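Below: the structure, in structure tokens.
The values are calculated or read from the model by the stated rules, or taken from the named source; none is laboratory data. What you are looking at is a predicted structure, and each value in this text was computed from that prediction instead of being measured. Glycine also receives a Cβ, built like all others from the backbone with ideal geometry; neighbour counts cover every protein chain displayed.
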Amino acid sequence: MTAPKPLVAGNWKMNGLKEALSEFQAMGKGYGAELQSAVDLMICPPATLLYTMSVSAVGSGITTGGQDCHQNASGAHTGDLSAEMLSDAGASAVIVGHSERRADHGESDGTVKAKAEAGWRAGLIAIVCVGETEAERDQGATLDRIGSQVAGSVPDGARADNTVVAYEPVWAIGTGRTPSAVDVAEVHAHIRKELTDRFGEEGAQMRILYGGSVKPGNAKELMAVENVDGALVGGASLKAADFLGIAAAYG
Ligand code: 13P
């Protein structure tokens, strides 16, 4: 059985005006044939940049994604974007269930699952995020929490080519703190078991990303952990040098 091809995805969150596209172009320039064969790269910019970035991405080998979508295809939902709109703007994936959306917008596992299905409906890969809070980790509840989020957020019908799971401990996001390699291994093994129990070989081949304070300096160690098939990167994905430095863990 071959390991899935790793994916390093950047989540720009609510960062980036038009001039930030020069960083994206620099990423494309640094993503040579050798790196392209070793690792997939993706940037999920704010929706305002998605179309322009997607046009600029043509020929670079880097794909683009949205950061969220509404579960419906269209309708009276002021301010929301459908998965079809993201696809129309050039996205090939959508992040769903990021902890910032779960916290800021009260998204439940059921909502996240519906959004993942909406992504599939539009032909997008769903990047489903899960992660425990610091309090849950301190209580020894991490594996239970992750297990229930995966069970509730990943829809039936998930396959290796339409779904990516991202483990992002809430307390590691934007803090400069990361779990130990042993702790990451434990959680990723737990997710892998749940995915293979439910989806068989598809679950074995599904990519499981680690996210939370991934930087060029720690990427090699984190990406070497068993069942870590890449990274979901926030702050360090805004600069080409940092993002390529993380991708170089696979170079
Ligand atoms: P940081 O890499 O900034 O910690 O953010 C991680 C994240 O939330 C990516 O989705």
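Numbers below:
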{"read-out": "Elements of type helices (runs of 4 or more DSSP H) contained in the range 176-243, each with 2 or more residues being within 16 Å of the ligand (Cβ to nearest atom) and modelled with pLDDT of 95 or more", "value": "181-199, 216-223"}
{"read-out": "Residues of the range 22-44 that turn out to be farther than 23 Å from G211 by Cβ and either touching a Phe, Trp or Tyr at 6+ places or on another chain (Cβ under 8 Å) or not basic (K, R) (or both), as a count", "value": "6"}
{"read-out": "Residue that is surrounded by the fewest Cβ atoms within 10 Å (Cβ to Cβ), among those in the range 58-80 that are hydrophobic (A, V, I, L, M, F, W, C) and within 18 Å of the chain's Cα centre (by Cα)", "value": "I62"}
{"read-out": "Test result for T163, polar (S, T, N, Q) and within 13 Å of the chain's Cα centre (by Cα)", "value": "yes"}
